[in-house]
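Student: Okay, handing you the structure first.
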Amino acid sequence: FWEIWGLSPRDAVHISVLESIVLPEDKDVRSTPETRKSGTATPNVEYRIRRPDTGEIRWLSRHIEFAHDDSGNPVKMFGIMQDNTAQKEAQVRQETLMYELEHRIKNILAMVDAARNDFKARLAALGNAHDILTRTRWKAASMAEVLQASMAPLPAAQLFIDGPVIQLPPNMALSMALAVHELGTNAVKYGALSVPEGRVDVSWQLHPTADGPDP
């Protein structure tokens, strides 16, 4: 008992000496003369003390019971005192680890969600191009239609598309859809579409060659 409280061995000690060792922040959990006299002191409590011999902060737990006379009045209080600092420190470490684990799991799930959303968006871009090609029985797709379908999720008020009619072969239409989707996503995250005043212009022209007009 004396070792737990950081006191030199003695025959007895006034309870005020022990109370003075308990940290002020934990004084409300201690028993009082009134609760000891009435036998209503809380049976199990934990509090911190500052050892008078080392100045070290320690956690103590105590369990008390009352012996009663024939009339039911409390006549003696006895119990067990333990130093449970090691358990408290282990609990704090466990809570810290649990918090860190939860934080890391949330980050991992956020990354998974982001990857899933990116994958779904790419599938949607391909799906839109497929729809356009399906209408032409996979012969060709209008470049303007592919661009408009791929840019549909982007803020329309900030997009400007202009150019002559060009029919793209299926493979080129699918590649164009994915490329425009990636570029549009980057513009939303880091480029012109990341600010309200931003603007994206997409235009193309036909340049004649000896064999005819080339895009």
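The values are calculated or read from the model by the stated rules, or taken from the named source; none is laboratory data. All values reported here derive from a predicted model rather than from experimental measurement. FYI the Cβ positions are ideal-geometry reconstructions off the backbone, even for glycines, and counts take in every protein chain you see. Remember, those area values only see protein heavy atoms, side chains included, never the ligands or the DNA or RNA. Shrake-Rupley method; radii C 1.70, N 1.55, O 1.52, S 1.80 Å.
Student: At a Förster distance of 41 Å, what's the computed FRET efficiency of ALA115 paired with ALA86, Cβ-Cβ distance as r, to 0.05?
Tutor: That gives a FRET efficiency of 0.45.
Student: To continue, here is another question. Residues of the chain: accessible area per residue at 1.4 Å, in Å²? Provide the component values of the computation, followed by the final result.
Tutor: Working: 14720 Å² over 215 residues.
For the chain, the per-residue accessible area is 68 Å².
Student: Separate question: Ignoring any ligand, DNA or RNA, what whole percent of the accessible area of the chain comes from carbon and sulfur when the probe is 1.4 angstrom?
Tutor: On the way: 8400 of 14720 Å².
Looking at the chain in its full context, I get 57 percent from C and S.
Student: Within the chain, what is the number of lysine pairs with alpha carbons under 27 Å apart, leaving out pairs fewer than eight places apart on the same chain?
Tutor: For the chain, qualifying lysine pairs total 9.
Student: Rg and Dmax of the range 39-101, using alpha carbons, in Å: what are they?
Tutor: When restricted to the Cα atoms of the range 39-101, Rg and Dmax are 16.8, 56 Å.
Student: Oh, and also: What list of ³J(HN,Hα) values in whole Hz, one per residue of the range 90-97 in order, does the Karplus curve 6.51 cos²θ - 1.76 cosθ + 1.60 (θ = phi - 60°) give from phi, with Gly and Pro shown as x?
Tutor: 5, 5, 5, 4, 5, 5, 5, 5
Student: Still on this structure, I have one more. Expressed as an acute angle from 0 to 90° and rounded to the nearest 10, what is the orientation of the C-alpha long axis of helix 170-189 relative to the principal long axis of the chain?
Tutor: So the inclination is approximately 40 degrees.
Student: Which three lengths, in whole Å and largest first, does the range 1-56 cover when its Cα atoms are put on their principal axes?
Tutor: Principal axes ranked by extent give 33, 27, 17 Å for the Cα atoms.
Student: Computed from the mean reciprocal separation of all distinct C-alpha pairs, what Kirkwood hydrodynamic radius does the range 126-214 have, in Å?
Tutor: Working: mean 1/r = 0.0721 Å⁻¹.
Mean inverse Cα-Cα distance, inverted, gives 13.9 Å.
Student: About the Cα centre, and with charges only on the beta carbon of Lys, Arg (+1) and Asp, Glu (-1), how big is the dipole of the chain? Nearest 20 debye, please.
Tutor: Working: 23 positive and 28 negative charges, 55 e Å.
For this selection, approximately 260 debye.
Student: Right, something else. Under the definition of Cα pairs under 8 Å and six or more residues apart, what whole-number percent is the relative contact order of the chain?
Tutor: Over the chain, the number comes to 11 percent.
Student: Would you mind giving the three semi-axes, in whole Å and largest first, of the ellipsoid equivalent to the chain according to its Cα gyration tensor?
Tutor: Taking √(5λ) for each eigenvalue gives 83, 18, 15 Å, largest first.
Student: Charges only on Cβ, +1 for Lys and Arg, -1 for Asp and Glu: so what's the dipole of the range 13-86 about the Cα centre, in debye to the nearest 20?
Tutor: In debye, rounded to 20, the range 13-86 gives about 120.
Student: As a test of the formula, what do you get for the chain when each DSSP H run with n ≥ 4 contributes -39,500 (n - 2.57) and the sum is divided by the residue count, at 222 nm and rounded to the nearest 500 deg cm²/dmol?
Tutor: On the way: 6 runs with 96 residues, N = 215.
My calculation for the chain gives -15000 deg cm²/dmol from helical runs alone.
Student: Please turn the phi angles of the range 134-140 into ³J(HN,Hα) values with the Karplus equation 6.51 cos²θ - 1.76 cosθ + 1.60 (θ = phi - 60°), one per residue in order, whole Hz, x for glycine and proline.
Tutor: My calculation for the range 134-140 gives 5, 5, 9, 6, 6, 8, 6 Hz in order.
Student: Would you pull out the residues with amide H under 5 Å of LEU168's amide H, same chain only if 5 or more places away, H placed 1.01 Å from N?
Tutor: ALA141, SER142, MET143
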